[in-house]
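Notes to accompany the following structure.
The values are calculated or read from the model by the stated rules, or taken from the named source; none is laboratory data. Since we're looking at a predicted model, the values are computed, not measured. A quick note on method: Cβ atoms are made from the backbone with ideal geometry, for glycine too, and the neighbour counts reach across all protein chains shown.
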Amino acid sequence: MDMNMGANMNNQTVIRTQDINLWYGTTHALTDITMEIQKNKVTALIGPSGCGKSTLIRVFDRMNDIINGCRIEGKVFFNGKNIYDPDIDVIEIRKKIGMIFQKPNPFPMSVYDNVAYGPRIHNVTKRAHLEEIVKKSLKLSALWNEVEDRLGQSALGLSGGQQQRLCIARALAVEPEVILMDEPTSALDPIATAKIEDLITDLKKQYTVVIVTHNMQQAARISDYTGFMYLGKLIEFGKTVQVFERPEQELTENYITGRFG
Amino acid sequence: MVERFHVKLDDMKEEVLKMGFLAEEMLEKSVIALKDQDPELAEEIISKKEKIAALDFNIEKDVLRLVPLYQPMAKDMRTIACILKMITYLTRIGRYGKDIAKVVPELIQEAPLCKLVNIPYMAEIVGSMIHDALKAFETEDLTLIADFDERDDKVDALRYSIFRECISYMTENPRNITQCAHYIMIARYLERCADHACKIAEKIHYMVTGEHIEIG
């Protein structure tokens, strides 16, 4: 039946979780999460600190595998295939599902090498091809105009906002389908934040984006779907317009109107 | 910070109610002034025009300050949206009261054509709609506005009957035209006030439930 659910997934669904439960040691961090991520849409996860939203986003590309004592039950279908099946190539999954973190984390190398790093380890060796990928990725991440004349300089010399867009370019260079973003603008100033938000809106034309944010206005601005999480549970999931204008659950209402959290 | 927002929102709701009861009073007293042929009362109503305009201005200013500062969501946002629309409707109602009061000195120069039975009755229904809408805003009790469709229909029917009656008087004697023209306008003002009360009720329904409905 589970496999059927995977096979019968709607064409527009890229990721579907089914009854995900996750424990860190004895701590039950996620409880019965079932949700769908739609193709070419931005899905936002909101909720108070410690509610499990970052844990959930890490479930989507098996980033929790590297955490000691983490145990997960349930299924996560990516394009119809359960990524927790034993025969799954995790590296391939993480190539298809890229991740951007809260703090920009460029490698201590040149701008060019940062973006070329992924393709290189995936065996792209021809210089012309690499250059093409680097240029395309930097253009997609709206950084090209700012760095085209300093591709050979250290990425650490870029501003915070530029570094974050570089990290997005680095993720795009391996041609993912989904981009996961864990509070990608919380370390950035408002102007850099606005650029990333504009970029996310552009990116969804080609990619599917899942973003964790503690900034509700940001979720309301850029996402198509929003999930509200509380104490490891997905309390409400729906279209962003509906969740922010007319939430169905009282808990959601209380959270987004600032009555708790 | 959010706590402060909710305190401010409660204060703003108080101000809207104050404005609402002022608009209600202006309309109600204007019809009393008309019925009792009381120019002093009419003058008192006209003098309240600035007060209601000031409330409208100040509440709008507060709303436009709160929105960017706190970026309200969900019911808070719906309440803010409701307030912003309500103050416009309430201003119109107050101004219709003033418009009715303005014709009182003119109408008392001549003996009334009829006992004006329909106008006070119409005003009573409209007044009850405004009052119930304000109470619904205060208490969020939607049963208070549940029969607004029927009440609005009744007001529309009364306006039409006043219109027909006045046409008859004017046909009988052209000397009646001035008075009748005023009566027709007053009936029209009252009907518009009922429409505004319906619009307010729609916004309150949206504020409470998040659903848009159409009344009247």
- Query: Residues in segment A:12-61 that are over 17 Å from the mean Cα position of the chain (by Cα), modelled with pLDDT under 95 and within 15 Å of A:LYS81 (Cα to Cα): how many?
  - Reply: 1
- Condition met for A:VAL76 (among the aliphatic types (A, V, I, L, M) and either on the phi > 0 side of the Ramachandran plot or not in a strand (DSSP E or B) (or both)): no
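Conditions tested, residue by residue: (1) under 21 Å from the mean Cα position of the chain (by Cα); (2) within 14 Å of another protein chain (Cβ to nearest Cβ); (3) crowded, with 16+ Cβ neighbours inside 10 Å.
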position: B:LYS29; (1), (2), (3): yes, no, yes
position: B:LEU64; (1), (2), (3): no, no, no
position: B:LEU69; (1), (2), (3): no, yes, no
position: B:ALA74; (1), (2), (3): no, yes, yes
- Item | Test for A:THR43: is it surrounded by fewer than 15 Cβ atoms within 10 Å (Cβ to Cβ), polar (S, T, N, Q) and in a strand (DSSP E or B) | no
- Query: Restricting attention to segment B:196-216, which residues are touching a Cys at 6+ places or on another chain (Cβ under 7 Å), part of a helix (DSSP H, G or I) and either within 12 Å of chain A (Cβ to nearest Cβ) or over 14 Å from B:LYS85 (Cβ atoms) (or both)?
  - Reply: B:TYR206, B:MET207
- Task: Quickly run through segment A:27-42 and pick out the residues that are without any contact (Cβ under 8 Å) to a residue 40 or more places away in the chain and hydroxyl-bearing (Ser, Thr, Tyr).
- Result: A:THR27
- Filtered residues of segment A:214-261 (kept if more than 14 Å from every other protein chain (Cβ to nearest Cβ), surrounded by 19 or more Cβ atoms within 10 Å (Cβ to Cβ) and under 30 Å from B:VAL7 (Cβ atoms)): A:MET229, A:TYR230
- Task: From B:ASP56, B:ASP10, grab the single residue that is within 14 Å of chain A (Cβ to nearest Cβ), closer than 30 Å to A:ALA220 by Cα and not aromatic (Phe, Trp, Tyr).
- Result: B:ASP10
- In segment A:141-172, how many are farther than 19 Å from A:LEU188 by Cβ and either in contact (Cβ under 8 Å) with a residue 40 or more places away in the chain or in contact with a Cys (Cβ under 8 Å, 6 or more places away or on another chain) (or both)? 4
